[in-house]
């Protein structure tokens, strides 16, 4: 049970990191007027939010997204 809880905490932290990194990329993209970087930032932020809500790794979420 404790190992499962640690895993969930790690996924939550990684998700928060991805959300913050995505927001940072979006700010940078707005400064540079780079639409590709803006899209990458949005994608990273969304993946981070899904990672927090669904408790899955980024790779698992990308695999699910590719299937559809």
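Helix 58-67 sits at what angle to the longest principal axis of the chain, using alpha carbons and giving 0 to 90 degrees rounded to 10?
On a 0 to 90 degree scale, this one is about 70.
Which of these values of Cα Rg over 2.2 N^0.38 Å was calculated from the structure shown: [x] 1.14; [y] 1.07; [z] 1.24?
Read-out taken from this structure: [z].
Please sort 46-59, 23-36 by packing, taking for each peptide the average over its residues of neighbouring beta carbons within 10 angstrom, highest first.
On the way: 46-59: 16.3, 23-36: 12.9.
The densest-packed peptide leads the list: 46-59, 23-36.
Laboratory data are not the source of any read-out in this text; all were calculated from the coordinates shown. Since we're looking at a predicted model, the values are computed, not measured. We place every Cβ from the backbone using ideal geometry, glycine too, and count neighbours over all the protein chains shown.
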